[in-house]
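Structure, as C-alpha cells:
The values are calculated or read from the model by the stated rules, or taken from the named source; none is laboratory data. In this text, all values refer to a predicted model and were calculated from it rather than measured experimentally. Cβ sites come from the backbone with ideal geometry, for glycine too, and all protein chains shown count toward neighbours. In case anyone asks, the SASA skips ligands and DNA or RNA and just uses the protein heavy atoms, side chains included. Shrake-Rupley method; radii C 1.70, N 1.55, O 1.52, S 1.80 Å.
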Amino acid sequence: MTVPRIVATVDAVALLRRLAQRNGPLMMHQSGGCCDGSAPMCYPDGDFVVGDCDVLLGVLDLRLGAGETRSDPPVGADAVPVWISGSQFEAWQHTCLVLDVVPGRGSGFSLESPEGVRFLSRGRAFTSDEMALLEAHRPLTGRDREAGVEPAVSDVPTVVAEAADACPVPGLSP
C-alpha cells in the first residue's frame, strides 16, 4: 500500500481540468513564501523550473473522481505533478497536503487567478504507521525526474469529495 503525500478534492480536480483544457498540461508547486505566501501555485507544465532538490509530492490524475484509482499512469494533460522545494519538504514531510479550492483571488502568478477562486493547501499529519511506510521509500526529486525516474501509480485514492474527508477538523466529526 502506498501513502499519498498529496490528495486533491473533487473541486480542485475540476478546476485543474478546466485550466488544462485552456492551457494544456499543468504542474503545481507548493510555494514556500515570498510574494503570495505559501499558496499552491498552478503553472503550464514546464513554465516553473523545478530544481534538482525540489521534491515531487505526487502526480494528480485528472481522470479520477472521489475514491477512484487506476493502475495505468496518467499522461499529458491528465497528469499534474505537484512539487515542493526541498527546504519546504523538510518542514512538511510529516504532513499529507490536501489541495482544495476556495472562493477568493488566486495567487498572482497562478493560472486560477482570474477564476474567482484560489487553490488552498490543507494538511493532515501522517500517522506513525504511515510515516513508517513513507520512510521506506525516498520521495523523487527534480534530479530523479531529470534522469527519467517516474513515480509509482498510487494504489489508494488520491481524490476526495471534500477536504474534511482527508483532513478532518477535530471537534466537528460526529
Next on the checklist: Where the second residue is assigned to a helix (DSSP H, G or I) and among the acidic types (D, E) and the first is at pLDDT 90 or above and lies in region 85-113, which pairs have Cβ atoms under 7 Å and are six or more apart or on separate chains?
Outcome noted: D100/D11; V101/D11
Item to check | Residues (touching a residue at least 60 places away in the same chain (Cβ under 8 Å) and touching a Leu at 6+ places or on another chain (Cβ under 7 Å)) located in region 13-27 | outcome: V13, L16, L19, A20, N23, L26
Next on the checklist: With under 21 Å from D72 (Cα atoms), small (G, A, S), modelled with pLDDT of 90 or more and open to solvent by less than 70 Å² (accessible area, probe 1.4 Å) as the only criterion, which of G148, G123, G142 stands out?
Outcome noted: G148
Checklist entry - Within region 156-174, restricting attention to residues that are in a loop (DSSP other than H, G, I, E, B) and open to solvent by 90 Å² or more (accessible area, probe 1.4 Å), which residue is modelled with the lowest pLDDT? => result P174
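Take residues that are more than 22 Å from T2 (Cα to Cα) and tell me which of the strands (runs of 3 or more DSSP E) falling wholly in region 52-148 contain 3 or more.
Working: elements: 55-61, 79-84, 95-103, 117-125.
Per the criteria, 95-103, 117-125.
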Checklist entry - What residue, among those in region 73-112 that are open to solvent by less than 30 Å² (accessible area, probe 1.4 Å) and among the β-branched types (V, I, T), is nearest to L15 (Cα to Cα)? => result V101
Next on the checklist: Could you check region 1-57 and list, in sequence order, the residues that are modelled with pLDDT of 90 or more and among the charged types (D, E, K, R)?
Outcome noted: R5, D11, R17, R18, R22, D45, D47, D52, D54
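Would you mention how many residues in region 35-51 are hydroxyl-bearing (S, T, Y) and either in a loop (DSSP other than H, G, I, E, B) or farther than 20 Å from A14 by Cβ (or both)?
Our first condition is that a residue be hydroxyl-bearing (S, T, Y); within region 35-51, this holds for 38, 43.
Imposing the further condition that a residue be either in a loop (DSSP other than H, G, I, E, B) or farther than 20 Å from A14 by Cβ (or both) reduces the set to 38.
So the answer is 1.
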